[in-house]
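Beneath this line is the structure, given in C-alpha cells, with notes to follow.
The values are calculated or read from the model by the stated rules, or taken from the named source; none is laboratory data. Keep in mind the model is a prediction, meaning the values are calculated, not measured. For neighbour counting, all protein chains shown are included, and Cβ atoms are generated from backbone atoms with ideal geometry for every residue, glycine included.
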Amino acid sequence: MSPMKASETVDYNIKVCWHAIARMYNTEAAKNDITTSIGFVLLNIDPEKGTPATKIAPLLGLEARSLTRILKSMEEKGLIYKQGDTVDKRSVRILLTELGLEKREVSRVTVRQFNKKVRELIPESQLQVFFQVIGQINELIESKKVF
C-alpha cells in the first residue's frame, strides 16, 4: 500500500476549505473595518437583549482568552459595550452599539450570500450527506475516541 498523500486526508481537505472560506470572509470583513472573528462574534450576540459573555465562547468554539482579546478589540472599535446582568449580578452581558448592529448586518448578509451561492451550485442531497459526514467527524473527535 502506498503512503497517503496530504490531499487524500480528511483533515487536509477540511483545513484547506476552511482557510479558503476564512480568506474570502476576511476580504469582505476588511472592507468594513472588521475581521472574520469579529463578524462571527457579532452574529452570536442577541441584537436586542445582548448575550452573556460566558455564552459566546462556547458558541464559537473559542477559548475564553481568545474571546477576551476579541471583545476588547470590539469595545475599542465601538461595536459593543458591557453591562452587568440585572438578574445574575456576577455575569456581564455584551450588547451591540449602533455601529455594532450595522456591522452585524454586514456580517449576516455576507454569510447568507455565501450560503445561498453554495446552495445554488451544490444539490441539497449532496449538502445533506456533507452535513451528516462532517457531523459524524465532529462527534468522533468530541467522543475522544480518536487517540
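Looking across LYS77, LYS103, LYS72, one residue alone is of a type in the set (Lys, Arg), within 14 Å of ILE38 (Cβ to Cβ) and touching a strand residue (DSSP E or B) at 6+ places or on another chain (Cβ under 9 Å). It is LYS103.
Screening ILE45, ILE21 for residues that are touching a Leu at 6+ places or on another chain (Cβ under 7 Å) and modelled with pLDDT of 95 or more leaves exactly one candidate, ILE45.
Of all the criteria given as (1) surrounded by 15 or more Cβ atoms within 10 Å (Cβ to Cβ); (2) closer than 21 Å to GLU105 by Cβ, the one not satisfied by GLY78 is (1). Residue under question is ALA6, and the condition is that it be among the small types (Gly, Ala, Ser) and either surrounded by fewer than 16 Cβ atoms within 10 Å (Cβ to Cβ) or in contact with a strand residue (DSSP E or B) (Cβ under 9 Å, 6 or more places away or on another chain) (or both); does it hold? It is true that ALA6 is among the small types (Gly, Ala, Ser) and either surrounded by fewer than 16 Cβ atoms within 10 Å (Cβ to Cβ) or in contact with a strand residue (DSSP E or B) (Cβ under 9 Å, 6 or more places away or on another chain) (or both). Every test in (1) closer than 30 Å to GLY78 by Cα; (2) hydrophobic (A, V, I, L, M, F, W, C); (3) in contact with a helix residue (DSSP H, G or I) (Cβ under 7 Å, 6 or more places away or on another chain) is passed by ILE21 save one, and that test is (3). Among the residues of region 127-147, just one is among the small types (Gly, Ala, Ser) and closer than 18 Å to ASN13 by Cα, namely GLY135. Considering LYS103, LYS31, LYS77, the condition of being within 15 Å of the chain's Cα centre (by Cα) and at pLDDT 95 or above is satisfied by LYS103 alone.
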